[in-house]
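Written below as structure tokens is the structure these notes are about.
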Amino acid sequence: MTGDRLKAGVLAVNIIPSVDTALANSLKLPEHIKSIGLITCDSDDVGYTALDEATKQADVEVVYARSMYAGAANANTALAGEFLGILGSGSVESVQSGVKAATYFIENEASFISANAEDTVSYYAHCISACGSYLAKAANVPAGTAIAYLIAPPLEAISGLDAALKEADVSVGALYTPPTETNFGGGLLAGTQASCRAACAAFAREICRIAGSQAPLAHVKEEYETSLDKDTLVSKSHPSITLRGKLDTLVALIADIQYKAIEGGSPALASELDDMCSAVKEVTAADVLGTPLTRDKIIGMSLDELREASN
């Protein structure tokens, strides 16, 4: 349906704590980059935006980012998708933080939008209220500038950019002439937050007009918003989003204890914590999907047994 969010997905992630010197030289990594994190996903433009978000949330740099030819539907392997991004830093902890930020963004923050009832035409109109170091360089603007990231199929992209430029007081920071590697086109338009939001809305209207849709347009997602479920956008301060953040933190803390348990020669404890980690993730999934939590045991014990043991 028109306005449906076509959510992106992360396909694979890998951290290399210490990059081999020969590989670092071949990738032309700066001398201070010692660790890298690799990520593939099924939407290249969402991936590029996610890498930029990572530069704002962690001490990382984008050292590689490329689209795969012909798009995710024609990927040559299960984990290739249509994008490979690499974040680099002098510390593996920073890389891990950057990859986590990018992964969350891809899965929760931005998406292509359907422009017609059949979901056969889609567009990307994402307003970035303050860009990071990566997209700042791409758009030739200072970091912190607002950007309208606009992408659509070839004919629609050119028409949509024209509509956006006529509607809003924005400038062209980058033009991606069609066909790109994924056979789309678009660009980065820079201006104030308000003008970039207006550009996104005008771009979306034009794409939907060309696609023959008369349905109401989807709300242009703001950076302070996130997905409560597949159909609902809410403020990031929403109680459910706060809960999910705390659950994510708990998963990270459990993983840290598991690592220490393995280092300390207690693999059995690490294994038991796997079940606890799964239980926490099931709580998150139940909240996101709005389904009952069916688990009745953790580490082989019922809730009553756990309470007894803890006492």
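Annotations
- Extent along the principal axes, Cα only, for the stretch 92-155: 44, 26, 18 Å, with the longest axis given first.
- Extension gain, S18-K166: 0.36 nm per intervening residue step, less the Cα-Cα distance, totals 48.4 nm.
- Subtracting the Cα-Cα distance of T284 and E272 from their residue separation scaled by 0.36 nm leaves 2.4 nm.
- Helix 44-57 vs. the chain, principal-axis angle (Cα, 0 to 90°, nearest 10): 60
- The stretch 1-101: chymotrypsin sites (Phe, Trp or Tyr not before Pro) falling in loop per DSSP and having at most 14 other Cβ within 10 Å: Y69
- Shape of the stretch 239-310, Cα gyration tensor, a/c cut at 1.5: oblate
- Rule-of-thumb Rg ratio for the stretch 44-163 [Cα; 2.2 N^0.38 Å; N residues]: 1.11
- At R0 = 25 Å, FRET efficiency that the Cβ-Cβ distance of R209 and T177 yields, to 0.05: 0.70
- Calculated on the Cα set of the stretch 106-222, radius of gyration then Dmax: 13.1, 40 Å.
- Counting every other Cβ atom within 10 Å of each residue's Cβ, M276, M1, M68 order from fewest to most as M1, M276, M68.
- Net length gained if the chain between A117 and T291 were fully extended (0.36 nm per residue, minus Cα distance): 59.9 nm
- Computed over all pairs of different Cα atoms, the Kirkwood value for the hydrodynamic radius of the chain is 21.1 Å.
- Mean Cα-pair separation over length for the chain, i.e. relative contact order, pairs under 8 Å, 6 or more apart, %: 15
- Given R0 = 41 Å, the distance between the Cβ atoms of D229 and N25 translates into a calculated FRET efficiency of 0.30.
- Those residues of the stretch 173-210 whose amide nitrogen sits under 18 Å from the label point placed on Y69, 7 Å along Cα→Cβ: 178-185
- Alpha carbon centroid spacing (whole Å) that separates the stretch 104-128 from the stretch 40-55: 13
- Pairs from K56/K297; K7/K166; K100/K137; K137/K246; K28/K100; K7/K246 whose Cα-Cα separation, in the structure shown, is over 32 Å: K56/K297; K137/K246
Read-outs throughout are calculated quantities, based only on the coordinates presented, and are distinct from any laboratory measurement. What you see is a predicted model, and the numbers here were worked out from it, not measured in a lab. Here the Cβ is made from the backbone with ideal geometry for all residues, glycine too, and neighbour counts use every protein chain on show.
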